[in-house]
Amino acid sequence: ETYFNVDGSLDFRIEYEYDANGNRIRALRYDSEDKLEHRNEYEYDANGNKIRYTRYYATGTILEQSEYAYDENGNKISEMYSSIFEDTENERIEYEWAFFENAPKTGKYNAY
């Protein structure tokens, strides 16, 4: 994907990579001078549920990461987020699912 500024100049572009199941496993973002800004990597379990998202600086340093857990029905039951930014709190989000519908019933936000 290529993104342009209002004046038509190149802003940035993103290249995507996918696994054999069609899951996005990597996204590489390049600036207008074609220098890598950061990369995102995604991991999945055997059922195709995303279990980890990691964003790296071009240098390889982890910028942020989320990890996800699912119940036996494939519903997301928790998400843990962490970031290197000092003003960003690490947090754990827990989901409770309604028995009769596939939508979150409540969300709880807790620092971990």
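Please treat every number below as a calculation from the coordinates, not as lab data. Just so you know, these numbers come straight off a predicted model, no measurement behind them. Neighbour counts run over all protein chains shown; Cβ positions are idealised from the backbone, glycine included.
So if we plug the beta-carbon distance of Ile62 and Thr2 into 1/(1 + (r/R0)^6) with R0 = 25 Å, what FRET efficiency do we get, rounded to 0.05?
Details: r = 27 Å, r/R0 = 1.06.
Efficiency, from the Cβ-Cβ distance: 0.40.
Among the GluC sites (Glu not before Pro) in the stretch 1-83, which ones are in a DSSP loop with at most 15 other Cβ atoms within 10 Å of the Cβ? Mind listing them?
On the way: sites: Glu1, Glu15, Glu17, Glu33, Glu37, Glu41, Glu43, Glu64, Glu67, Glu72, Glu79; in loops: Glu1, Glu33, Glu72.
Passing both the DSSP loop test and the Cβ count: Glu1, Glu33, Glu72.
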Restricting attention to the stretch 6-66, which trypsin sites (Lys or Arg not before Pro) occupy a DSSP loop and are surrounded by at most 11 other Cβ atoms within 10 Å? Lys35
